[in-house]
Amino acid sequence: MSERSPEAQLWDLLRGALRTRALAVVAGLRVADALAAEPRGVADVAREVGADPDTLHRLLRALASDGVFAEETPGIFGNTAASELLRGGGWNDFARLFGDVWYRAVEGLDASAEAAFPRGFGTDFWSWLAEHPDERAAFDRAMEQGKEWRVERLAELEWRGDETVVDVGGGNGSLLVELLRRQPGLRGIVFDLPETVRNEETFGERCTFVEGSFFERVPGGDVYLLSTILHDWDDESAIAILRTIRASAPADARLLVLDAVVPDGNEPHGAKWLDLLMLVLFAGRERDEAQWRAMLAASGFEPVGMEDGLIEARCR
């Protein structure tokens, strides 16, 4: 158990919204990029990024107290290992999503079991993304975070060597492309909605993109991959997705689900908080082992491996 006082524990929770929003502001200004070469005076950085110097100083001072940026000497800030992550890739996009669009949606979190996003934005999250291509691109980049870890987990599995892997809801295809690089005998299909932002020139000769809805059909393949897809949906919808896959899958097909398996008890686990974001955005959820087993059984699959982050199943 934590040795922090009860007051300190509550204070960390209460100020969480401020931390989220402050991080989004500096991410949007690309402050970490401005500090890439060396620590700089906050007034100089403020002129470059178009911010009020005093306000930027206050934002950076607060974030530095939690290890994001560092005030090297009074008024001179530099990057830390944490703020360096904001310089490229999806972490900067994650910071902006959490502190802007998702931040506004979280305001509607209640105990009704209904998604708050449609109430605040007038449409569901996926339709909203389709109408905002820049945000769609940011979302797809953000979803790449943790890709290296997921690829490692997949690459360690036993592969026959000549299988076709269908990445259902595969986004920009980056995960599958990297898996194919690690496993030269595999072929791949990235299956997703047509508005997904992607560069098919990076796919190579062994990977193709097929557009469509996973509620209607999926392409045929030997292995079906769902990477952080099912937690976006309630049980009824998630089962419908799995049944669509089962209807297309040959009898010997494998199913690989990259999603959290929420542990029991009071130990900290990121999925316990991510679960609330899934509720806000989609009325989706993270699931524990019993919930995963029940859902797979209801859709015609039998689990053969159940670890946090990777669920393996076969057709029944």
Note: among Asp222, Asp162, just one is surrounded by 15 or more Cβ atoms within 10 Å (Cβ to Cβ), touching a residue at least 12 places away in the same chain (Cβ under 8 Å) and either touching a Cys at 6+ places or on another chain (Cβ under 8 Å) or more than 19 Å from Ala138 (Cα to Cα) (or both), namely Asp222
Would you be able to say whether some residue in region 192-203 is surrounded by fewer than 20 Cβ atoms within 10 Å (Cβ to Cβ), within 22 Å of the chain's Cα centre (by Cα) and within 25 Å of Arg246 (Cβ to Cβ)?
-> yes
Only one of (1) among the β-branched types (Val, Ile, Thr); (2) over 24 Å from Leu154 (Cβ atoms); (3) out of contact with any helix residue (DSSP H, G or I) (no Cβ under 6 Å at 6 or more places or on another chain) does not apply to Val280, and that is (3)
Restricting attention to region 98-125, the residues that are touching a residue at least 60 places away in the same chain (Cβ under 8 Å) and either within 20 Å of Asp234 (Cβ to Cβ) or aliphatic (A, V, I, L, M) (or both) number exactly 12
The residue that is nearest to Arg285 (Cα to Cα), considering only those in region 96-126 that are aliphatic (A, V, I, L, M) and loosely packed, with under 13 Cβ neighbours inside 10 Å, is Ala113
Test Asp93 against the stated conditions and say whether it is surrounded by 20 or more Cβ atoms within 10 Å (Cβ to Cβ) and more than 25 Å from Gly16 (Cβ to Cβ). no
- Query: Within region 115-132, is even one residue in contact with a Lys or Arg (Cβ under 8 Å, 6 or more places away or on another chain) and either of a type in the set (S, T, N, Q) or over 21 Å from Leu279 (Cβ atoms) (or both)?
  - Reply: yes
Among the residues of region 167-192, the number that are of a type outside the set (D, E, K, R) and in contact (Cβ under 8 Å) with a residue 60 or more places away in the chain is 2
Within region 37-50, the count of residues that are touching a helix residue (DSSP H, G or I) at 6+ places or on another chain (Cβ under 6 Å), surrounded by fewer than 19 Cβ atoms within 10 Å (Cβ to Cβ) and without any contact (Cβ under 8 Å) to a residue 24 or more places away in the chain comes to 2
Quiz prompt | Flag for Arg285 being within 17 Å of Leu242 (Cβ to Cβ) and at pLDDT below 95 | solution = no
Scanning region 151-191 for residues that are under 20 Å from the mean Cα position of the chain (by Cα), closer than 24 Å to Thr244 by Cα and either of a type in the set (Val, Ile, Thr) or outside the structural domain of Ile245 (by TED's automatic domain parsing) (or both) gives Val166, Val168, Val177, Val190
Over region 55-87, the set of residues over 17 Å from Leu18 (Cβ atoms) and either not small (Gly, Ala, Ser) or not assigned by TED's automatic domain parsing to the domain that holds Gly28 (or both) is Glu71, Glu72, Thr73, Pro74, Ile76, Phe77, Asn79, Thr80, Glu84, Leu85, Leu86, Arg87
Picking from Leu23, Leu10, the residue that is aliphatic (A, V, I, L, M), surrounded by fewer than 13 Cβ atoms within 10 Å (Cβ to Cβ) and part of a helix (DSSP H, G or I) would be Leu10
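The values are calculated or read from the model by the stated rules, or taken from the named source; none is laboratory data. These numbers come from a predicted model, not from an experiment. Here Cβ is always computed from backbone atoms with ideal geometry, including for glycine, and neighbour counts include all displayed protein chains.
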